[in-house]
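> I have a structure I would like to understand better, so I am pasting it below and will then ask my questions one at a time.
Rule-based calculations on the coordinates, nothing more; no lab input. Note that the coordinates shown come from a computational prediction; the quantities given were computed from them, not determined experimentally. All Cβ positions, glycine included, derive from the backbone under ideal geometry; neighbour counts span all protein chains shown.
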Amino acid sequence: MTAISSNLLAQLNSIQSRALTIGVILVLGGLLYAFATGAMSGFYQAYLVGYMICAGIALVCMAFTMLHHLIGGRWGFVIQRLLEAGMSTLPVLLVLFIPIVLGMHDLYHWTHAEVVAVDPILQHKESYLNVPFFLVRTVFYFAIWITAAFLLIRWSTSQDASGDPGLTDKMRNICGPGVVVFALTMTFASFDWVMSTDPHWFSTLYGVMMIVNAGGATLSSIIIMMTWLRKHEPISKLADADRFHDWGKLLLAFTLLWFYMMLSQFLIIWAANLPEENPWYVHRVHGGWEVLSVVLVLCRFVIAFFLLLSIPRKRDPRRLVRVAWFILVMHLVDIFWHVAPNFRLDGFSVSVMDVMVPVGLFGIWFFFVLNRLKRYPLIPQKDPRFEELVASVSKAQVSKAKA
Amino acid sequence: MSQQDQAVDIEKVDKYTGDGFVAPEYNNTTVTQKISNIVLRADTPWGWYLAVAVLLPVVGMLGISITWLVLIGTGVWGLNVPVGWGFAIINFVWWIGIGHAGTLISAILHLMRQDWRNSINRFAEAMTIFAVMCAVMFPLLHVGRPWLAYWLLPLPNTMSLWPQWRSPLVWDVFAVSTYFTVSLIFWYMGMIPDLGTLRDRAKHPVVARIYGIFAMGWRGASSHWARYEKAYLILAGLSTPLVLSVHSIVSLDFAVSLIPGWHTTVFPPYFVAGAIYAGFAMVLTLTIPVRHWFGLQGLITTRHLENMGKVTLATGFIVVYGYAMEAFISWYSASPYEGFMMWNRMTGQYAPVYWALIFCNAVSIQILWWKRARRSPLVLFIVSLIVGVGMWLERFVIVVTSLANDYMPSSWDYYAGTIWDWSLYIGTIGFFLFMMCLFIRFLPMIPMSEMKMIIPKHRNKKDA
């Protein structure tokens with residue numbers, strides 16, 4: 001039995017092969033450009049940006065799945081398989097981490113023994129920021145994530161066949177502790193992979209900030225995917241205006257949270273103006289970076305916020321999806337803003353690699369998302385809670401039709 | 001979409017435990033009788049009179065403490081030179097935090113369509129109002145001359161005094177007064193349909209008249225309902241950012257400074273989570289005895305308690321996350337001051353307070369992982385008391401340990417509250433509980449109109 005209709009399967013296959021082809025071409029093109037111009041450091045920076053986008057979305061997919069199992073609610077069932085497809089890429093992301101390991105010398109200043117030798121601050125941090133421990137931690141994070149994702153996906157798909165309601169309890173049971181572990185591991189992964197690109201700098205808010213950033217990007221991706229999938233059975237029955245309204249409201253909430261985190265961190269560091277902390281912002285408000293900083297806040301918050309306020313826009317997938325694309329592009333700018341100014345201290349600069357490599361990597365990663373998505377039914381089949389939901393949705397549609 | 005459109009036809013019963021959010025004996029008639037009888041009938045439980053009798057002297061103690069403070073000055077408190085902020089700011093933050101659960105329950109849970117919150121929201125909103133009243137007393141008294149508190153406002157005056165806009169204490173004035181205003185309007189407006197019910201059911205003409213004035217001519221017409229629901233939704237939308245903004249700004253009182261232990265970027269979300277945590281604990285502390293005394297177990301069900309237990313556990317973990325970040329970054333920052341601050345908290349003169357706080361806020365809540373604990377009113381009541389104490393200790397640790405041992409060892413000192421610090425603090429607790437007693441007795445503590453939205457329709461068909 002095929003899980004999804006042959007029409008949809010054909011479309012998914014064609015998108016998938018295009019994503020992979022374009023992705024590989026862009027990443028290889030970026031690599032060639034880096035070889036040709038001798039700017040390998042720039043390539044690694046761009047790669048880290050792309051990697052954080054893909055890994056962030058995959059991880060937040062896992063967090064959303066866990067929250068969905070814990071809280072329930074209508075927003076989650078229709079996208080559950082999409083979220084599972086997103087988190088199923090975690091083993092692939094472990095492999096995709098290899099270029100970052102190869103580029104560690106360019107990305108992480110604290111790997112330079114001669115720098116650490118003359119820097120007391122880095123000497124203090126050496127027991128945490130050193131290459132073996134960094135690699136062990138990364139493997140440790142992935143071991144936890146991959147195990148959790150594997151269990152959640154396996155139980156969910158085996159429920160499709162067996163209809164065993166006990167599996168729902170099993171999923172719930174690991175999701176409570178799972179959310180706690182997710183928050184801690186993603187925080188430390190953000191510290192390790194991104195915050196330590198400026199090894200002197202520190203911020204207790206950074207982990208939450210990166211989780212919230214990825215949350216907005218994940219919701220945008222969900223809206224984009226659902227707008228496309230809603231043309232197909234069985235999503236078409238379930239993803240109605242109410243669901244898009246829910247996701248739009250969540251995206252609005254994450255837009256507000258994004259600004260809340262940005263403002264909190266900036267205001268606190270700006271007001272104290274301590275030399276230990278302020279360089280991170282000094283780099284971002286000088287040498288042309290200030291333009292990017294202002295553009296980022298204007299687009300990712302001000303414009304996105306006002307666009308998302310409108311109820312008709314949130315309820316109309318065709319209009320909502322434009323905002324989602326806009327926010328996803330701004331997410332690229334956002335992560336670029338987090339990474340690049342730490343390296344380009346002379347002033348603002350951007351190369352073709354900064355677009356090619358992240359977009360390419362996203363394409364390659366997306367290939368694996370679709371690879372998972374097309375193999376299983378698009379909605380969970382025999383979850384007892386879901387059957388109730390389908391019943392109540394069809395009941396609501398009947399009563400609407402009567403009225 | 002109005003709330004009434006969402007009124008459920010099917011019984012919302014938990015598959016695992018078999019309980020719903022409204023016990024089976026309640027339909028539209030019985031729920032109105034049950035709730036309005038608490039207010040309109042004379043057989044108030046003796047426990048209520050006992051509570052008022054105990055609390056009135058405590059309110060008197062508050063009056064004496066304030067009088068003494070104003071007569072003598074803030075010297076009656078235990079403040080000293082490095083510790084210029086003691087109980088006053090601890091209690092301010094503690095009370096403001098407690099108010100947050102009310103706003104979260106009434107606004108955010110409403111927007112998220114968590115309609116189980118309909119039976120606890122009125123109660124929690126009242127808690128918000130009284131908690132904010134207690135909170136604002138402290139900074140006003142701490143300025144030394146509370147009769148000049150209007151100087152905090154940007155009023156044009158002959159002395160060209162103007163507030164310092166870079167000071168988060170001025171932001172507090174705006175944040176807290178906005179919060180209080182919106183919460184009060186939200187609370188009152190939500191009560192109007194119920195006040196109309198009380199007016200119609202009151203036997204005594206004077207009582208009917210008084211409720212009638214406050215019901216503002218509510219007739220339950222569909223045009224009234226349409227406007228009411230629109231206004232309710234707008235107020236819920238307005239209150240939602242307030243949940244984040246108020247305690248974020250309170251956290252900035254600390255975070256924009258240079259003091260190690262205060263100056264850290266995670267403070268705004270961490271304070272907000274702590275506020276909701278303390279607030280939910282207080283809702284549990286109060287609802288568990290009240291539902292017992294007034295026989296409200298059918299309206300504030302075990303399932304409500306279980307949900308509140310879950311929220312307490314979840315927000316408790318966010319607070320613990322904040323502790324973990326503070327501890328890790330204090331080492332990672334490689335700043336000797338940050339490192340000392342954390343070490344001093346754990347091993348210094350206030351170490352017992354720090355470890356007590358860790359026990360209360362991080363260890364005690366772990367019992368809530370067990371369903372049986374979440375469903376046991378006794379366990380929840382004890383945990384909620386421990387959390388209430390723990391959140392007070394948390395503010396004590398933040399305020400006092402950082403100030404008592406700051407940058408200059410020569411100025412270090414030891415701080416403890418005096419009897420006047422304690423009498424003022426306990427006095428506000430008495431005032432808060434006293435106001436809650438009045439509220440329970442004279443106003444409908446569970447929204448009758450909103451309960452009817454979640455009562456399954458078929459129960460009313462039987463009557464017809």
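> Based on DSSP H runs of at least 4 residues, each adding -39500 (n - 2.57), what is the mean residue ellipticity at 222 nm of chain B after dividing by all its residues, to the nearest 500 deg cm²/dmol? Working shown, then result.
Details: 16 runs with 295 residues, N = 464.
So the helix-based figure for chain B works out to -21500 deg cm²/dmol.
> Across the residues of A:201-212, average count of Cβ atoms on other protein chains within 10 Å?
Numbers: counts 1, 11, 6, 18, 11, 4, 5, 9, 3, 0, 0, 1.
So the per-residue partner count for this stretch is 6.
> Kirkwood hydrodynamic radius of the range A:70-123 from all distinct Cα pairs, in Å?
Roughly 14.9 Å, rounded to one decimal.
> According to the square roots a ≥ b ≥ c of the eigenvalues of the Cα gyration tensor, what is the shape class of the range A:124-212, taking rounded for a/c under 1.5, prolate for a/b larger than b/c otherwise, and oblate for the remainder?
Details: a/c = 3.83, a/b = 2.50, b/c = 1.53.
Prolate.
> Across the range B:296-399, how large is the tail of the calculated P(r) beyond 16 Å, expressed as a percent of all Cα pairs? Walk me through the intermediate numbers first.
Working: 3243 of 5356 pairs.
Summing the P(r) of the range B:296-399 above 16 Å gives 61 percent of all pairs.
> Using amide H atoms built in the peptide plane, which far-off residues or other-chain residues are under 5 Å from B:Gly20 H to H?
B:Asp14
> In debye, nearest 20, what is the charge dipole magnitude of the range B:214-326 about its Cα centre with +1 on Lys and Arg Cβ and -1 on Asp and Glu Cβ, if you could check? Numbers along the way, then the final one.
Working: 6 positive and 4 negative charges, 105 e Å.
About 500 debye.
> Could you work out [θ]222 nm for chain A from helices alone, using -39500 (n - 2.57) per DSSP H run of at least four and dividing by all its residues? Round to the nearest 500 deg cm²/dmol. Working shown, then result.
Details: 21 runs with 311 residues, N = 403.
That comes out to -25000 deg cm²/dmol.
> Pick from A:Leu152, A:Leu32, A:Leu308: which residue has the top mean-square fluctuation in a GNM of chain A where Cα pairs under 10 Å get a spring?
Comparing A:Leu152, A:Leu32, A:Leu308 in a Gaussian network model of chain A, the most mobile one is A:Leu32.
> Let me ask something additional. What FRET efficiency do you get for B:Leu50 and A:Ile71 if R0 is 45 Å and r is their Cβ-Cβ distance, rounded to the nearest 0.05?
Values: r = 40 Å, r/R0 = 0.90.
So, using R0 = 45 Å, E works out to roughly 0.65.
> Using the Kirkwood formula on the Cα atoms of the range B:220-268, what hydrodynamic radius do you get, in angstrom to one decimal?
One over the average 1/r among Cα pairs gives 13.2 Å for the range B:220-268.
> Now for a separate question. Per residue and in Å³, how big is the convex hull formed by the alpha-carbon atoms of the range B:165-234? Intermediate values should be presented prior to the final figure.
Working: hull volume 6.8 nm³, N = 70.
Once divided by residue count, the hull of the range B:165-234 is 98 Å³.
> Where a ≥ b ≥ c are the square roots of the eigenvalues of the C-alpha gyration tensor, would you call the range B:44-145 rounded, which needs a/c under 1.5, or, failing that, prolate if a/b is larger than b/c, or oblate?
Working: a/c = 3.69, a/b = 1.54, b/c = 2.40.
Oblate is the answer for the range B:44-145, as a/c is 1.5 or above yet b/c matches or exceeds a/b.
> Per 0.36 nm of contour for each residue apart, how much would the distance between A:Arg318 and A:Ser14 grow if the chain were fully extended, relative to their Cα-Cα spacing?
Working: separation 304, 0.36 × 304 = 109.44 nm, distance 2.22 nm.
Separation in residues times 0.36 nm, less the Cα-Cα distance, equals 107.2 nm.
> Also: Once you charge only the Cβ atoms, +1 for Lys and Arg and -1 for Asp and Glu, what is the size of the charge dipole of the range A:78-159 about its Cα centre, to the nearest 20 debye? Spell out each step's value before the answer.
On the way: 4 positive and 5 negative charges, 89 e Å.
Charge dipole of the range A:78-159: 420 debye, to the nearest 20.
> Which of A:Gly288, A:Ser196, A:Gly248 sits closest to the plus end of the dipole of the range A:11-393, meaning its Cα is farthest towards the positive end, when Lys and Arg get +1 and Asp and Glu get -1 on the C-beta?
A:Gly248
> Right, something else. For the range B:394-457, what D do you get in µm² per second when you plug the Kirkwood radius from alpha-carbon pairs into Stokes-Einstein at 10 °C and 1.306 mPa s?
Values: Rh = 16.2 Å.
Reported coefficient: 98 µm²/s.
> For q values of 0.14 Å⁻¹, compute log₁₀ I(q)/I(0) with the Debye formula on a Cα-only model of the range A:11-393, without solvent.
Summing over Cα pairs of the range A:11-393 leads to -1.28.
> On to the next question. State whether the protein assembly as shown is rounded, prolate or oblate according to the following rule on the C-alpha gyration tensor (a ≥ b ≥ c being the square roots of its eigenvalues): a/c under 1.5 gives rounded; otherwise a/b larger than b/c gives prolate, and the remaining case gives oblate.
Oblate shape, in that a/c is at least 1.5 and b/c is the bigger or equal ratio.
> I need the Debye-formula profile for the range B:108-171: one equal scatterer per C-alpha, no solvent, reported as log10 I(q)/I(0) at q = 0.15, 0.16 1/Å, two decimals.
Reported log10 I(q)/I(0), two decimals: -0.69, -0.72.
> Please compute, over every Cα-Cα pair in chain B, the percentage with a separation greater than 36 angstrom.
On the way: 33959 of 107416 pairs.
Considering chain B, 32 percent of its Cα-Cα pairs are separated by more than 36 Å.
> Ok, one more. Which value, in Å to one decimal place, does the Kirkwood hydrodynamic radius take for the range A:181-240 when every pair of different Cα atoms is included? Don't skip to the answer; put the middle values down first.
Numbers: mean 1/r = 0.0732 Å⁻¹.
By the Kirkwood definition, the hydrodynamic radius is 13.7 Å.
> Another question, if that's okay. Only Lys, Arg, Asp and Glu count, each charged at its Cβ (+1, +1, -1, -1), so figure out the dipole size of the range A:73-215 about its Cα centre, rounded to 20 debye. It would help to have the intermediate numbers written out before the result.
Working: 7 positive and 10 negative charges, 107 e Å.
Magnitude of the dipole: close to 520 debye.
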